[in-house]
Every structure is written in structure tokens, then in C-alpha cells.
Amino acid sequence: MVVALNNAHAAIDTIPNAYQTALAQYDRAVQRLNLDENVIEYMRWPRREFTVNFPVKRDNGKIEMFTGYRVHHSTVMGPSKGGIRYSLDVTLDEVRALAMWMTWKCALVQLPYGGAKGGVLVDPKTMSLGELERLTRRYASELIPLMSPHSDIPAPDMGTTAQMMAWIMDTYSMTVGYSVPAVVTGKPVNVGGSLGRKEATGRGVIICMMEALKRRGMANRGDIRVVIQGFGNVGSHAAAYAHELGFKIVGVSDVSGGIYNPRGLDIPAVLAYVAETGTLTGCPNADRVTNAELLTLPCEVLIPAAMEGQITKHNAPQIQAQMIVEGANGPTTPEADDILNERGIFLVPDILANAGGVIVSYFEWVQDLQAFFWDEEEIYRQLQRILLRSYDMTARTAEDYHVDMRMAAQMTAIRRVGEALMTRGFYP
Ligand code: NAD
């Protein structure tokens with residue numbers, strides 16, 4: 001029996017709700033798996049959900065209340081792992097979806113983790129550094145009953161930074177009375193962060209893109225036009241690495257809109273412009289496009305690297321790319337997946353394409369626990385090895401079952417968690 005959890009278990013509607021997308025993907029994948037129905041039902045539910053309302057003192061002395069969430073979808077494979085998002089769009093359903101995707105992502109790339117996610121309803125751009133520090137420390141202290149290097153390990157996501165991870169580490173450490181760097185990943189390198197972590201997700205996206213292009217015989221980098229939505233941690237590092245490798249980045253965007261130059265953007269100049277101004281608005285030597293227009297620009301590869309629900313049944317018919325590599329979590333709705341499949345557009349799914357971040361977060365956690373640090377060459381070598389191994393397993397499942405890459409990735413991951421659950425058994 002499937003029991004309703006708020007309204008998210010209802011039928012898929014036209015408005016993309018991330019949790020409905022995650023559940024629809026799950027329901028599709030388990031249909032192709034020979035798993036016990038009790039296991040299927042168990043894995044459909046988040047294990048724990050935590051809501052906190054907490055005060056933050058603004059610089060003007062006023063106290064303002066904020067709401068935050070932390071959801072542990074699964075701890076079957078190990079401690080739960082997942083980022084913290086600061087955005088005004090955060091909802092419990094969004095956090096549930098992101099936590100579920102973390103479970104499948106970690107299982108797909110074979111990390112000893114379950115899945116979690118957190119979020120605070122806040123626009124970080126409207127706060128001073130001091131306010132952000134007080135907000136982050138208070139949210140972290142609210143999470144202390146759930147968080148530790150062996151139970152739940154947060155990391156950055158949209159709207160959060162390495163500095164905020166340092167505040168979380170410090171808040172936890174001050175509470176227990178000694179330094180515990182392994183409680184959070186994505187920290188600055190000088191407080192136990194890993195070399196290569198900030199670049200890892202974007203780099204991983206490009207590693208997956210190159211593997212997909214290679215397998216499809218599209219080898220000439222200079223001929224491959226790439227469009228990237230989102231110019232934050234994931235999008236900007238993906239752009240920088242792809243540019244360095246000789247691909248032609250013709251369009252990029254942030255929340256303010258996009259820029260387009262069919263001859264190729266000068267990515268180092270764009271990065272310098274954004275570092276100086278904080279926005280792509282006004283960036284020279286390119287035409288202005290909206291985010292909607294950006295997604296349907298002529299290109300070979302489209303990389304959505306902003307947020308979920310961007311490629312829908314409304315714009316999927318107009319997409320001109322031959323390939324989509326998902327840097328963001330959940331950027332494509334199930335209905336759009338069907339349209340892209342019908343149109344023969346090849347897609348590398350989020351839980352594979354953006355797994356580079358959690359892979360290097362895992363390296364950071366291992367290094368912190370061992371107090372023994374690796375060089376960047378070793379980090380990148382291991383990152384590439386794990387991603388290519390995971391890509392190959394997913395591609396083989398896709399071939400064996402005659403399914404697309406999303407279905408293959410979900411089937412591989414869900415089967416692994418389901419089998420581990422059967423081995424552990426249902427407590428008590
Ligand atoms: P970020 O906050 O660093 O950057 C987000 C970017 O998206 C910014 O450029 C922002 O302006 C832009 N943006 C926000 N709303 C937008 C909109 N409506 N339309 C277009 N652009 C918009 O976040 P990030 O860490 O780069 O994360 C981006 C995505 O990648 C998210 O889906 C996140 O869950 C996923 N992800 C991040 C990591 C990581 O390591 N940071 C790992 C895996 C997946």
C-alpha cells in the first residue's frame with residue numbers, strides 16, 4: 001500500500017515539484033527491478049525529517065525568525081550525506097527530493113553513505129557576512145542532535161559556501177570541546193578541506209560529458225558547442241574546465257539571465273567579470289538572452305547547472321542540443337525525459353553527472369578521519385576512476401535492459417540499496 005505523504009504522492013501535475021519528480025523516477029525504476037514489495041515501499045519514504053524555527057539577530061538589533069530543514073532519506077548504506085541549500089525557494093518537498101537523490105547518487109558511485117539534504121528559507125544575498133555567520137551557526141547548533149562524522153555529514157549546495165562549512169565545523173567543535181573537521185565537507189583547505197573539492201562537481205560534469213561524447217563518436221572538441229545554465233559553483237567550474245580542454249562555450253547564465261556568443265565566450269574573461277561584479281549582467285562581447293532562451297540555443301551539449309525543474313514538457317520540444325549533461329539535481333521532469341527520449345536527445349543523469357562533488361566530499365571525510373591528506377593529482381585520479389567506472393556500469397545496464405541512462409542509473413542505485421536493506425533486515 002502506498003500511503004500519502006502530504007500532497008507530493010499525488011499524481012504528477014504540470015508544475016514541476018521536485019519530490020513528485022523524484023518519486024515518479026523511483027516508481028518507474030522499481031517497476032523494472034525484481035525487488036521485494038516491502039523493500040520498495042520502505043525506500044520510498046524519508047527516514048527522518050527535521051524542521052527548525054530559529055532566531056537570528058540582524059545587524060540593526062532586531063530578531064528575525066528563520067525556518068530550516070534537514071531530511072535523512074536513508075542510512076542503509078552508511079551515515080547520511082548531503083548539502084545544505086540557502087534559498088527562498090526551499091520547501092520540505094524540495095529537501096525530501098534532494099535527500100532521496102543523494103541516496104541513489106551515493107549508491108550509484110559506491111560510496112558508503114546514505115542520503116540527506118538540508119535547507120534554510122533565506123536569500124543569502126540579502127544578509128551581511130555577520131548575519132550569515134549567526135544564521136549558519138544557529139542552524140548548525142539546531143542540527144547537532146542529528147549531525148556527526150558517523151551519523152550525518154553536511155556539505156555546500158546552492159547558496160552556501162566553503163566559509164559557511166567552516167562555521168558549521170567550528171560550531172560543532174566548540175559544542176563537543178575539540179576539533180572535528182570530518183563533521184562537514186566542502187570546507188576551506190586550511191581547516192581540513194580537500195584539494196579539488198570546490199572544482200569537483202563541475203569537473204565531474206565535464207568528465208562525464210567527455211565520456212558520453214567519446215562513446216558517441218563526437219571527438220573534435222573545437223566543434224562541440226556547450227551551453228551552461230547556472231554560473232555558480234557547478235556551472236562556473238564546468239565552464240572553466242571545458243574551456244581549458246578546448247570546448248567552445250557559447251552560452252552561460254545566472255539568475256539574472258544569460259549571455260550568448262556563437263563564436264565562443266572568453267570564459268576566463270567572463271569569470272573575471274563575475275568575480276568583480278557578482279553578476280553576468282553587462283558582461284561584454286556577448287548578446288543578452290533570457291534563461292528560457294538559453295535552454296533552446298543551438299549547441300551540441302546543454303548543461304543545466306542551476307536548479308531543478310528547468311527542462312519541462314513545455315521547452316523539451318524546442319531544445320536543440322544533441323546531449324544533456326545534468327549538473328543540477330533534478331533539472332528535467334519525467335514528462336520532459338519522455339520527450340527527449342522520443343527526440344533521440346542523449347541525457348547523462350544528475351546522479352551520475354554531478355556525483356563528482358560527493359565523491360571528493362567522501363575523499364575529504366576520509367582524509368579528515370585519517371588526518372592524512374592527499375595531493376591534488378591523487379584526488380583527480382581517483383575522481384576520474386570512480387566516475388568512469390560508474391558511467392560504464394550505468395551504460396552497461398542501459399544496454400542490457402534497453403533503457404535510457406536515467407533509468408539505468410536509478411535501477412543500479414536502487415537495486416544496491418534494496419539488496420543491502422534485505423541483508424540488514426527490518427529492525428526490530
Ligand atoms: P550556486 O549557488 O553556487 O550557483 C547557482 C547558480 O544558479 C548561480 O549562478 C545562480 O545565479 C543560478 N541560478 C539560480 N536560480 C536560477 C534560475 N532560476 N535560473 C537560472 N539560474 C539560476 O549553486 P551550485 O552549488 O552551483 O548548485 C547548482 C546545482 O547543482 C544545484 O541543483 C545543486 O543541488 C547541484 N549540485 C551542486 C553540487 C555542489 O558541489 N555544489 C553538487 C552536486 C549537485
Point to revise | Distance between modelled label sites at Glu276 and Tyr401, nm, 7 Å Cα→Cβ extension | key: 5.1 nm
Check your understanding: So, how do all the Cα-to-Cα distances of segment 221-318 break down into 10 Å bins, in percent, from 0 on up?
Key -> 17, 56, 25, 2
Exercise for review: Give, as ranges by residue number, the residues of segment 337-357 whose backbone N falls under 16 Å from the point 7 Å along Cα→Cβ of Lys214.
Suggested key: 353
**Study point:** Sequence ranges 332-338, 146-152, ranked by mean other-Cβ count within 10 angstrom, highest first
**Key:** 332-338, 146-152
Point to revise | Amide H within-cut-off set for Ile324, under 5 Å, with H built and near neighbours excluded | key: Leu302, Phe346, Leu347, Val348
Check your understanding: What does the accessible area per residue of segment 166-321 come to in Å², with a 1.4 Å probe and no ligands, DNA or RNA counted?
Key -> 40 Å²
Review point. If the chain between Asp89 and Leu245 were fully stretched, how many nm would it gain, using 0.36 nm times the residue separation less the Cα-Cα distance?
Key: 52.7 nm
**Study point:** Anchor Lys187: lysines whose Cα lies under 29 Å away (excluding residues fewer than 8 positions away in-chain)
**Key:** Lys57, Lys81, Lys105, Lys117, Lys125, Lys198
Study note, to complete from the structure: Taking only Cα atoms of segment 47-182, the Rg to Rh ratio with Kirkwood Rh works out at 0.97
Review point. How long is the chain along each principal axis, judged by its Cα atoms, biggest number first, in Å?
Key: 56, 54, 44
Practice item. First compute the accessible area of segment 198-344 with a 1.4 Å probe, then give the percent of it belonging to carbon and sulfur atoms. Key: 50 percent
Check your understanding: So how do 24-37, 55-68, 403-416, 379-392 stack up, highest first, on mean other-Cβ count within 10 Å?
Key -> 403-416, 379-392, 24-37, 55-68
Review point. In whole angstrom, how far apart do the alpha carbon centroids of segment 297-344 and segment 57-131 sit?
Key: 25 Å
Revision key, fill the gap. With x for Gly and Pro, the residue-by-residue ³J(HN,Hα) of segment 380-397, computed from phi through the Karplus equation 6.51 cos²θ - 1.76 cosθ + 1.60 at θ = phi - 60° and given in whole Hz, is 5, 5, 5, 4, 4, 4, 5, 5, 5, 4, 5, 4, 5, 5, 5, 4, 5, 5
Review point. Rounded to the nearest 500, what is the chain's calculated 222 nm mean residue ellipticity when only DSSP H runs of at least 4 contribute -39500 (n - 2.57) each, over all residues?
Key: -14000 deg cm²/dmol
Exercise for review: Give me the percent of DSSP beta bridges within segment 212-330 that run antiparallel, rounded to the nearest 5.
Suggested key: 40 percent
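The values are calculated or read from the model by the stated rules, or taken from the named source; none is laboratory data. Everything numeric in this text was worked out from a predicted model, so none of it was measured. Glycine also receives a Cβ, built like all others from the backbone with ideal geometry; neighbour counts cover every protein chain displayed. Each accessible area value is taken on the protein alone, full model and side chains, heavy atoms only, with ligands, DNA and RNA left out. Shrake-Rupley method; radii C 1.70, N 1.55, O 1.52, S 1.80 Å.
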